[in-house]
Every structure is written in structure tokens, then in C-alpha cells.
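I have placed the structure first, in the form of C-alpha cells, so that the comments after it can refer back to it.
The values are calculated or read from the model by the stated rules, or taken from the named source; none is laboratory data. Here the structure is a predicted model, which is why all the values come from computation and not from measurement. Cβ placement follows ideal geometry from the backbone for every residue including glycine, while neighbour counts extend to all protein chains displayed.
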Amino acid sequence: MLAKSKLLLLRRSHPPPPSTTLIRHCSTVSDSPESTITQVLKLLEPSDKNHWNSSKLNTLLFETLSSSHKHFLQISLRLGSSSKALTFLEYLSHNAPSTHHFSLSSAFQGALELSTEKQHPSLFSAFHGQPNSENNVLKLYEYRKSKNWTFPLTPKSGLILFQCFEKGQMIDDLVSFYKELDPSAKSSRLCNGMLRVLLKFGRVEDARQVLDEMLDPENVEFEPDDFTGEIVFGELVSRRSFVADEEVVRLVTKLGELEVFPDTFRLTQLISKLCARWKNRVAWEVLHAVMKLGCGVDAASCNAMLTGLGKERDIGRMNELLAEMEEMKIRPSVVTFGILLNHLCKARRIDEALQMFDRLRGKGESNVVGVEPDVVLYNTMIDGLCKVGREEEGLSLLEEMKTTTKHRPNTVTYNSLIDGFCKAGNINYAHELYNQMIAEGLQPSVITLNTLVDGLCKHGKVFSAVEFFNEMKGKGLKGNAATYTSLISAFCGVNNIDKAMQYFDEMLSSGCSPDAIVYYTLISGLSTAGRMDDASLIVSKLKEAGFCLDTACYNVLISGFCKKKKSERAYEMLIEMENTRVRLDTVTYNTLVSYLGKAGDFAAAIKVMKKMIKEGHEPNVVTYGAVINAFCLKNNVDEAMKIFKEMSATSKIPPNTVIYNILIDALCKNDDVKKALSLMDDMKVRGVRPNTTTYNAILKGIRDEKMLDKAFVLMDRMIEDACSPDYITMEILTEWLSAVGEIEKLKRFVQGYQVSSCTESLAEHFVG
DNA sequence: ATAGGGTTAG
């Protein structure tokens, strides 16, 4: 540096000889730009620009120095302060020929850069805070405006200004700055920054405009790069409103055409998010767009797509994607097989699932895919088997895990099996599995707890369930909403409303937050029990907790109010449904038709049915049942039979057991047992299975007509049809049969033996 | 990969 300046001094003392244009030209070439710049700086030293030697300066600047942006930038930077750079800029604005207009842009950039430089803390700034460099930058911008300077900003200037607006969070100013910005000042970096900031502040529309501009093939200077991709793909997975569904595909495609692709993680995330929002079609197109454009896609992204397709049971597309994976040599992972296996199990295609599982399990040549089942696959298979009642086969898989694989069964394995055995009614073995699990050192989870509690409840062992729950509480395991749902449902089922309410309170006091299901369960239980005031109380608690009633819940309430003859309360519910836009369904209409029919208000019932049809809910067998029942209650069995015959003839809605039960009951009550019996034959012909209620109805008619022989025949038929007598059956038969001295036959009947002929029953006796 | 709810006609 020192040597150079010596040389310069020397040169100044020996000015170049007067020269021709040619010589001058040559000297320009031979002179290093550095020396010219130094000369210029010397000339710019006087602080008053009136003292500048403009002819020398102009020659050096606009003739000697090559027309390069970087030289003018150098000069302004080396002036050392933004105010000096600004003075230089003023000078250029008056002296630069039009070919050198760019020099203004360069000088302005210099001024901007100088004003952002960290200033040394001085005594002044110690008292008045750091001088605000952003302010200076923005002042320069304002100054350029006030001078009506139209020279374009350089990309670097654009970036500096952008950063200042961003730091000051001056979003509106930033947007208008950007809108006025010359395209030549825009860079990918600046545009990416704009995108990021605009999205951060929710200026979605502005952000989209920036992006569209970047995607315009005209604008190669600021086309999207990997950073753009990161911002856009990140936004696509995080927000809903950024772009419409159709746009997602368009955007990914356009970016892909510029070779900006989401990485594996982002692509997988994007596909899962779209599938979670039920946008399978969009996810599918996104995946295929990037595949087509040559983006490397791996199994993880395909797995996300397969999961989404599985959720919508789109088997065709699942197969299509699998074929594509094979074609593109994307190796399926163990997760891929997990998805397929789970899908086959959920579709109850258990044998196909087993086939696939066996292929993976098969050692050597039969396992062509090279993926071995892991714990998840074993668990999926076991659960699938349990769900279709093949828990014994699930059990052998458990043994296989223990003996021939390195995959130890875990809590999930046992939970599935415990549930399987519970659902099969083998509570004892379920409990045995639980003990086995504990013996293996596995921790029971809340799902283990709930599975057993529910299993016990569903098999009438509510108090055992309570006992088990208490035992688990002792182990430090807390119940959740599902635990309490099972218990509440069970206690409501045995009409022990107080206990149900007690558990509801316990749930709240134990700090377990109730969900909608547990509210619905209790509301349903209370409504069925006719405790409509309590039900209403729980409804208001549900609402306080921020939940809404759904159609089924309203149905329960409407039905409850109707049974209590509180039609005005039922009506209130309907109004509320309308106001809260909860749609009525077939069950709602049937409930109303049934209530109106029972009340004998046929006109209103017909009105409701008309409305029902108008709203697109076709009457079903329950609607017919309600109407038939209404006529029967009005003692108009003929009309009821007419409707029944219509049903039988058209076969569009064939009568079911309940329809027959209503009619058999009504016919018997009308002393028309003969017709009732012929209906029973009709049932047999049409393959409609009678149940205990059917037999109770007919047996009552038989008893009232004192047709004893017929009673024995029907009792045999009842046994054949596997309809076990209930307390109503006993009420009908006990008094009658003991009065005629046939109590022995009743005993046999209860034990499940034939009663109509002695020999038969003896034979049965010996066999049994 | 595993657990819980509700309705209408008798």
C-alpha cells in the first residue's frame, strides 16, 4: 500500500506528455484502475465540491476508468462516509453522461453500505443510545425520492433497504418499496426475503404476487432457488389459506420445472398433511408431479400417500402406486408393508393379510422383498386376527414372537390379545394374559386398563370392572375419559344411574378431562332411564365445556322427552337443531313419526313423513313399523295389515322381525290368533327369524285362547330357534301351566329340552 | 399397531 502511494506521488510530479486520442486510449488500458481510483479519490478530497477539479475528474471518471459498476462502488466506499458518498452522487448526477447513468446507482449503493456500517460507540452514543443505522439508510432512500432521482437501485441496494424495512417491521413501507422497485434491482435473495416476511405477517396476497413474479419465465434474474423452495414448501405444510388446492399442484410443478424440489422430509410432510385434510387427490397429483419432473422420491413419501389412500379405502390407487414404486425401483420399507397389512386387516381380508405376512416371514427364497416383519407387523397381524374372532391364531403368533424371533411382544401385543379374548367372552383368559404380561415385566397402559374394564362391563361384571380399576389405581395408573365411558355406560345399562353419575363426578374430580363421548354416553343413559332433568343438566355442562350436541345426541333427547310426553321440550330440541345447523336424520324423523303415531295424530305424522322425504330421507323399515304400530294402537289392525302386505309384495323394504312382532301382538290382542299363527309361518317361509318377543306375543295369544297343545309345539320351536325364555315368557307360562298340571314341562323347557312329546324329551334326557 | 358412546318401531 505504501509502495503504491509512493509510485503515485512520483507519477503526479511527472505528468504524462500531451497525447493524441490514441495514446490516451492506450494509457487508459495500461493504467491500472486502482491508480485511476486513487487519483479520483485525491481529487474528491476537498469537502466543498465547488473546489473539485471537474474537468480532471470527468476525464478520469468517464474516460480513463472503464465503465464498470464495481469501480464507482469502490470510489464511493473509499470515501469513507455516507455523506461524502452522497456528495459524490450529487456530483455524478450533474456530470455523468447518459452512458454512465449506472454510476449513480453504484454511488448510491456505496452511500447505503457506508450508512449501515457499525459505528464506533462514542461518548455521544453512550448518552443517546446507538445511532440508528436503519434510520440513516431510510433517510438516504427518502433523499433519493425527494431528488426525483430515477436511476435504478442495484440488487445490493435493494437488499439493504429490504433489511432495514424488515428490522423496523415497516411492512406497509416494505410493500410499497417493493412495488416501486425496478426489476433489475430484484434478486432471488431479496424476493425470498419478501416472501418470508410477507408470510410471517400474514400478507398472503402480497406474498403470492411476489411468488408469481418469481415464477414468471421472464424474470430469470430472481427465479426461485432452494431457499424459495424451503419457504414455499414450509408454508404449504403449515397453513391452510396460503394457496387453494389446485394451486398447490401448480406451484409444486412450476417450482419443479425450475428444479426446485421439496426434500424427502418436506414432501412426506406435505403429502401427509394433504391426506389428513382429505385432499388425497391433491396429494396424489403433487407426488406424481415431482416424480415426473425427476425428483428423487423414496418410500417414506409413498408411505404417506398409501396411508392417505388406505384411509379412503382407495384400493385401486394403492395398487397403482405400488406398481409405480416397483417400476421406479423405490424399495418398499417395513412401514410400507405395515400399511398394506393394516389395510387388509381393517378390510377384514384377513387371509390375504396372512398370505402377505407369511411371505415376509418366510426365510430364504420365499421372501423376495427382503423385509422382515417387526413388532409392529406382528402386532398388526395379531390384532387383525383378534378382530375377526381368530384370537387363538393370534395367540400362536405371540408364542412365535417369544420363541423364534428377536422381537419381544410388547404391551400393544398383549392389549390386542386381551381385547380379542374379552370380545370373545373369555374374560378369564384375558385376565390370564394380563398376568402373563405383568410377569414378563411389561407395564400395563391405560389401554390395557380400558380394554379389561370394558370387557368386564360388557359381560355383566361391572363390579369386577370397578375392582380391577381400583387395583390399577393402586398401581398409580389413572383412568381416562374412555375408562369412565365404559363404566358409565355399564351402570346406565343396569339402571344404576346413581353409580353412573358418581363416576361422572369422580372423573371430573380426578382431573380427567371429559370428552364429548363421555357426555353423550351419560346423556343417553339418563334419557333412556327417563331422567330428563338430569339429562338436561348434563347437556348444559357439555355446552359449558365447549362441546356441541350432534344428531344422535339430539335424537336421544327427543326420544326421551317424547316418552315423557314432553312434546314441547322435544320441539325445543328441534328448533335448537335448526338454529345450530345440526341436520335431522332418518332416526330423528322416525322418532317423531312414532311419537305422533302413538299420540294418534295421524295428520301430523303424515306431515313429518312428507318433510322427511322432501329432505331426502326415504322412510325405512322403522318408519313403516311406527306407522303400523300406530294403526294397531288405534285398533285398526286391518289397515296395519294392508301396509304390511304392501311391504311384503314390493320387497323394497321387506318386513323384519319387529314388524312381525307388532302385528302378531296386535292380532293376538284382537283375538285373531289364527292370523297371528299364519304370520309366524310366513316368517319361516321368508326367512325372518323370530325372537323371544315374537314368542312372548304369540304365547300370550295362545294362552288367552287356551290352546295348550299349540303352546307345547311353540315352546319346542322356541328352543329350536334358540330364543331363550325371559321373565315375560315365564310370567305368561308359569301360572297357566301349573294350573293345568304341566309344570314339569315348563321345567324341561327352561332347561332347554323338547316338551311336545314324551318320548322325545326322554330321548333328549338320556342324550343330555 | 392397541381401548370407550348414543338414537327410532315391539
**Report entry** Failed item in (1) closer than 21 Å to A:THR99 by Cβ; (2) at pLDDT below 60, with A:SER19 passing the rest
**Finding:** (1)
Report task. Kindly provide the set of residues from the stretch A:216-234 that are touching a Ser or Thr at 6+ places or on another chain (Cβ under 9 Å) and assigned to a helix (DSSP H, G or I), ordered by number. Result -> A:GLU221, A:PHE222, A:PHE227, A:THR228
Query - Subset of the stretch A:669-695 that is polar (S, T, N, Q) and within 15 Å of A:VAL658 (Cβ to Cβ) - its residue that is nearest to DNA strand B (Cβ to nearest atom) - result: A:THR693
Query raised in the report: Residues in the stretch A:165-182: is at least one within 24 Å of A:LYS279 (Cβ to Cβ) and out of contact with any strand residue (DSSP E or B) (no Cβ under 8 Å at 6 or more places or on another chain)?
Result: no
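Could you list all residues from the stretch A:528-554 that are within 13 Å of DNA strand B (Cβ to nearest atom) and among the hydrophobic types (A, V, I, L, M, F, W, C)? I'd like the intermediate steps shown before the answer.
Looking only at the stretch A:528-554, we keep the residues that are within 13 Å of DNA strand B (Cβ to nearest atom), and these are A:528-530, A:535, A:538-539, A:542, A:545, A:547-554.
A:ALA529, A:ALA535, A:ILE538, A:VAL539, A:LEU542, A:ALA545, A:PHE547, A:CYS548, A:LEU549, A:ALA552, A:CYS553 - these are the residues of the stretch A:528-554 that are within 13 Å of DNA strand B (Cβ to nearest atom) and among the hydrophobic types (A, V, I, L, M, F, W, C).
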Query raised in the report: Can you name the residue in the stretch A:494-509 that is surrounded by 14 or more Cβ atoms within 10 Å (Cβ to Cβ) and polar (S, T, N, Q) and is also nearest to the chain's Cα centre (by Cα) among such residues?
Result: A:GLN502
Report task. Can you confirm whether the stretch A:172-193 contains a residue that is within 16 Å of A:LEU251 (Cβ to Cβ) and out of contact with any Cys (no Cβ under 8 Å at 6 or more places or on another chain)? Result -> yes
Query raised in the report: When both residues are 6+ apart or on different chains and their Cβ atoms are under 7 Å apart, which pairs have a first residue that lies in the stretch A:649-666 and is under 25 Å from A:LEU699 (Cβ atoms) and in contact (Cβ under 8 Å) with a residue 12 or more places away in the chain, and a second that is basic (Lys, Arg) and surrounded by fewer than 17 Cβ atoms within 10 Å (Cβ to Cβ)?
Result: A:THR657/A:ARG689
**Report entry** Hey, A:PHE72 in a helix (DSSP H, G or I), in contact (Cβ under 8 Å) with a residue 40 or more places away in the chain and surrounded by 15 or more Cβ atoms within 10 Å (Cβ to Cβ) or not
**Finding:** no
**Report entry** Failed item, numbered, when A:SER524 is tested on (1) closer than 22 Å to A:LYS566 by Cα; (2) more than 7 Å from DNA strand B (Cβ to nearest atom); (3) assigned to a helix (DSSP H, G or I)
**Finding:** (2)
Query raised in the report: Any residue at all in the stretch A:495-503 that is among the aliphatic types (A, V, I, L, M), in contact with a Phe, Trp or Tyr (Cβ under 6 Å, 6 or more places away or on another chain), on the phi < 0 side of the Ramachandran plot and part of a helix (DSSP H, G or I)?
Result: yes
Query raised in the report: Exactly one of (1) in a loop (DSSP other than H, G, I, E, B); (2) surrounded by 14 or more Cβ atoms within 10 Å (Cβ to Cβ) is unmet by A:LYS706. Its number?
Result: (2)
Query raised in the report: Can you name every residue in the stretch A:447-475 that is within 9 Å of DNA strand B (Cβ to nearest atom), aliphatic (A, V, I, L, M) and touching a Leu at 6+ places or on another chain (Cβ under 9 Å)?
Result: A:LEU449, A:VAL453
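Conditions (1) touching a helix residue (DSSP H, G or I) at 6+ places or on another chain (Cβ under 6 Å); (2) part of a helix (DSSP H, G or I), marked per residue:
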residue	(1), (2)
A:VAL622	yes, yes
A:ILE628	yes, yes
A:ASN635	no, no
A:ASP638	no, yes
A:LYS652	no, no
Query raised in the report: Between residues in the stretch A:192-219 that are at negative phi and touching a residue at least 12 places away in the same chain (Cβ under 8 Å) and residues that are loosely packed, with under 14 Cβ neighbours inside 10 Å and not in a helix (DSSP H, G or I), which pairs lie under 7 Å by C-beta distance while being six or more apart or on different chains?
Result: A:VAL204/A:SER241
Query raised in the report: On the given criteria, is A:GLY455 small (Gly, Ala, Ser) and in a loop (DSSP other than H, G, I, E, B)?
Result: no
Requested in this report: Kindly indicate which of A:ILE664, A:ILE698 is among the β-branched types (Val, Ile, Thr), out of contact with any Ser or Thr (no Cβ under 8 Å at 6 or more places or on another chain), within 16 Å of DNA strand B (Cβ to nearest atom) and part of a helix (DSSP H, G or I).
Outcome: A:ILE698
Query raised in the report: Which residue, of A:VAL587, A:VAL658, is within 7 Å of DNA strand B (Cβ to nearest atom), in a helix (DSSP H, G or I) and either farther than 19 Å from A:VAL556 by Cα or touching a strand residue (DSSP E or B) at 6+ places or on another chain (Cβ under 8 Å) (or both)?
Result: A:VAL658
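Conditions (1) at pLDDT below 90; (2) under 16 Å from A:LEU236 (Cβ atoms), marked per residue:
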| position | (1), (2) |
| --- | --- |
| A:LEU270 | no, yes |
| A:GLY310 | yes, no |
| A:GLU327 | no, no |
| A:ARG348 | yes, no |
| A:ALA353 | no, no |
| A:ASP358 | no, no |
Query raised in the report: Can you name the residue in the stretch A:629-647 that is exposed (fewer than 15 other Cβ atoms within 10 Å of the Cβ) and in contact (Cβ under 8 Å) with a residue 24 or more places away in the chain and is also farthest from DNA strand B (Cβ to nearest atom) among such residues?
Result: A:ASN635
Report summary line: Checked against (1) within 11 Å of DNA strand B (Cβ to nearest atom); (2) within 18 Å of A:ILE517 (Cβ to Cβ), A:PRO444 satisfies every condition except (2)
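Here's the yes/no breakdown for (1) touching a Ser or Thr at 6+ places or on another chain (Cβ under 8 Å); (2) surrounded by 14 or more Cβ atoms within 10 Å (Cβ to Cβ):
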{"position": "A:THR411", "(1), (2)": "yes, yes"}
{"position": "A:LEU417", "(1), (2)": "no, yes"}
{"position": "A:GLY420", "(1), (2)": "no, yes"}
{"position": "A:GLU432", "(1), (2)": "no, no"}
{"position": "A:ASN435", "(1), (2)": "no, no"}
{"position": "A:ASP454", "(1), (2)": "yes, yes"}
Report task. Answer yes or no as to whether A:LEU557 is more than 33 Å from the chain's Cα centre (by Cα) and within 14 Å of DNA strand B (Cβ to nearest atom). Result -> no
Query raised in the report: Can you name the condition, by its number, that A:GLU230 falls short on among (1) touching an Asp or Glu at 6+ places or on another chain (Cβ under 9 Å); (2) loosely packed, with under 14 Cβ neighbours inside 10 Å?
Result: (2)
Query - Breaking point among (1) within 20 Å of A:LYS461 (Cβ to Cβ); (2) in a helix (DSSP H, G or I), for A:PRO444 - result: (2)
Report task. Give the residues of the stretch A:235-264 that are assigned to a helix (DSSP H, G or I) and among the charged types (D, E, K, R), sorted by residue number. Result -> A:GLU235, A:ASP245, A:GLU246, A:GLU247, A:ARG250, A:LYS254, A:GLU257
